[in-house]
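Every read-out reported here was derived from the displayed coordinates using simple, explicitly stated rules and does not represent laboratory data. None of these values were measured; they are calculated from a predicted model. Cβ: placed from backbone, ideal geometry, glycine included. Neighbour counts: every protein chain shown.
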Amino acid sequence: GIDPSTLKVYKQDEQTGKLIELGGEYISEQQAVIVSINHLCNFVIAASASIERIYGDDRYKTAVAISKKGWPEKSDSVILAYGEDYPDALTGVTLSQLKNAPVLLTEKDALNPDTLKEIQRLNAKNIYILGGEGVISKSIEDILSKNYKVIRVSGLDRYKTAVAVGQLVIKEKSIDTAIIVKGTDFPDTLSAAPFAAKGLIPI
């Protein structure tokens, strides 16, 4: 998946081990990168790295920025999760992949205004609220229900909400695998989330 015209040759400094760019020219006819060198050492060929930071002034605006990057035009569905804790948003990634929907965040008692603007920009039709009324209030659900089809996916706690998300996924996609992680800390879930989403595997 790499554009070969972006490939560069680097030499490894014998003293420090650091990589020094030598450049190089990709010759498509030869399927080779040609570079001039004056002595033998360890060489590395790699694509030029491009770095982009996607961010906002807070977690809510960062989620909106990610949504705009991933869904520049529209999305029929949005996954709405509690922004002050991690479990529902992380276990919701598989549903996000299934519905091709961004994950947006909100506070408990009032719908975050930046999140609402993004839902409107996306021209969404369906809002999947993750978690019970203890994390996203009934008043938010009622407000959204005036203009959108709202589906609350929840259980009595984070574990049962995760089960409810998994059940919704396997209802639409036949899956015989699950990922089990610790429910009281986020690192393992965070690391597993992309793999889970790619394979549509419930967490």
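Structure shown: which of Lys99/Lys173; Lys125/Lys146; Lys99/Lys138; Lys125/Lys198; Lys99/Lys198; Lys74/Lys173 lie over 18 Å apart, alpha-carbon to alpha-carbon?
Numbers: Lys99/Lys173 11 Å; Lys125/Lys146 11 Å; Lys99/Lys138 23 Å; Lys125/Lys198 24 Å; Lys99/Lys198 12 Å; Lys74/Lys173 24 Å.
Over 18 Å Cα-Cα: Lys99/Lys138; Lys125/Lys198; Lys74/Lys173.
When the Kirkwood hydrodynamic radius is evaluated over all pairs of different C-alpha atoms of the range 1-85, what value in angstrom, to one decimal, is obtained?
Evaluated over the range 1-85, this radius sits at 16.9 Å.
Quick check: the angle from helix 187-199's long axis to the longest principal axis of the chain, C-alpha only, nearest 10 degrees?
Its long axis makes an angle of about 90 degrees.
Explain nothing, just compute: Karplus ³J(HN,Hα) = 6.51 cos²θ - 1.76 cosθ + 1.60, θ = phi - 60°, for every residue of the range 29-41 in order, whole Hz, x for Gly and Pro.
4, 9, 6, 9, 9, 9, 8, 8, 10, 10, 7, 7, 7
Please report the Cα spread of the range 52-172 along all three principal axes, rounded to whole Å, starting with the longest.
Its Cα atoms span 35, 29, 27 Å along the three principal axes.
What angle, in degrees between 0 and 90 and rounded to the nearest 10, separates the Cα long axis of helix 113-122 from the longest principal axis of the Cα atoms of the chain?
Compared with the principal axis, the helix lies near 70 degrees.
Testing the spin-label approximation: label points 7 Å from Cα along Cα→Cβ at Glu73 and Ile20. State their distance in nm.
4.9 nm
Picking from Val78, Val163, Val64, which is most flexible by a Gaussian network model of the chain using Cα springs under 10 Å?
Val163
Would you please name the GluC sites (Glu not before Pro) within the range 88-197 that are DSSP coil residues with at most 16 other C-beta atoms within 10 Å of their C-beta?
Of the GluC sites (Glu not before Pro), the ones in loops of the range 88-197 whose Cβ has at most 16 other Cβ atoms within 10 Å are Glu107, Glu133.
If you place +1 on the Cβ of every Lys and Arg, -1 on the Cβ of every Asp and Glu, and leave all else neutral, what size is the dipole of the chain about its Cα centre, to the nearest 20 Debye?
600 debye
Just to be sure I understand: with springs between alpha-carbon atoms less than 10 Å apart, which residue in Ile51, Ile179, Ile140 has the highest mean-square fluctuation in the Gaussian network model of the chain?
Ile51
Once all Cα-Cα distances of the chain are split into 5 Å bins that start at 0, what whole-number percent is in each one?
Spelled out bin by bin, the chain gives 1, 7, 13, 15, 14, 11, 7, 6, 7, 7, 6, 3, 1, 0, 0 percent.
Calculate, in whole percent, how much of the Cα-Cα pair population of the range 116-187 lies beyond 21 Å.
It works out to 39 percent of all Cα pairs.
Could you give the length gained by full extension between Ser139 and Asp188, i.e. 0.36 nm per residue of separation minus their alpha carbon distance, to one decimal place?
14.4 nm
Return the loop-located trypsin sites (Lys or Arg not before Pro) in the range 74-125 (DSSP other than H, G, I, E, B) with at most 11 other Cβ atoms within 10 Å of their own Cβ; answer none if there are none. Please report the intermediate quantities before stating the final value.
Values: sites: Lys74, Lys99, Lys108, Lys117, Arg121, Lys125; in loops: Lys74, Lys108, Lys125.
In loop regions of the range 74-125 (DSSP not H, G, I, E or B), the sparsely surrounded trypsin sites (Lys or Arg not before Pro) are Lys74.
Can you give the net charge of the other residues whose Cβ lies under 13 Å from the Cβ of Gly24, counting K and R as +1 and D and E as -1?
Local charge sum for Gly24: 0.
Between the helical axis of 158-172 and the dominant principal axis of the chain, each derived from Cα atoms, what acute angle in degrees is found, rounded to the nearest 10?
Result, in degrees: 80.
For every other residue with a beta carbon closer than 13 angstrom to the beta carbon of Tyr86, add +1 if it is Lys or Arg and -1 if Asp or Glu, then tell me the sum.
Local charge sum for Tyr86: -2.
For the range 135-192, which trypsin sites (Lys or Arg not before Pro) are both in a DSSP coil and crowded by at most 11 other Cβ atoms within 10 Å?
On the way: sites: Lys138, Lys146, Lys149, Arg152, Arg158, Lys160, Lys171, Lys173, Lys182; in loops: Lys146, Lys173, Lys182.
Listed in order of number, the matching sites are Lys146, Lys182.
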